[in-house]
Amino acid sequence: MVLFQDPNPSVMAKILPLSKKGAHQQVIVCNESLMLEKLPRCGKSFEEMMKKVDSKKWCNLTEFIPYYDNFSLCTEREAIAARCFWPNRLAQGFIIGIHKQFFSNCTSEKVHWEDPPDEILITLILIPVFLMVTMISLVVWCSKRSDILV
């Protein structure tokens, strides 16, 4: 049985044999240098695909989602090939770099909320109040009439 190890550098330098009732387990160490060597290929491929998209449309996810999906799968594949978890802190740092390169100008605009006009606001407040008064009146009226309950 093979266990993948957490990419913590203090623990990663070790390969630990674990035994439990005759079973022998081996912890496989993440090869960070191999992963960091291969991840730029994913970035280069993504960059080539993004050249097909007009830079003014880089903030529109529907324009490049297949390319981003390929990029994401590529980073996952390369991390796993290097026997690392995915996502991990190094892959995440690489992905953030790609985001900064392509999507740094895609800040979301703040929505300016404002109250509806007074006529609508009053209507929205009074309808539930009148419904509640009506329901309470109906319950009280029905509870006073004994012939309805029998």
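The values are calculated or read from the model by the stated rules, or taken from the named source; none is laboratory data. Computed from a predicted model, the values in this text were never measured in an experiment. Backbone-built Cβ (ideal geometry, glycine too); neighbour counts: all protein chains shown.
Matching residues to (1) under 17 Å from the mean Cα position of the chain (by Cα); (2) at pLDDT below 90; (3) among the charged types (D, E, K, R):
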| residue | (1), (2), (3) |
| --- | --- |
| Lys56 | no, yes, yes |
| Ser108 | yes, yes, no |
| Thr123 | no, no, no |
| Leu131 | no, no, no |
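Being at negative phi and among the charged types (D, E, K, R) is the filter; apply it to region 73-107 and report the residue that is surrounded by the most Cβ atoms within 10 Å (Cβ to Cβ). Checked region 73-107; the qualifying residue surrounded by the most Cβ atoms within 10 Å (Cβ to Cβ) is Glu78.
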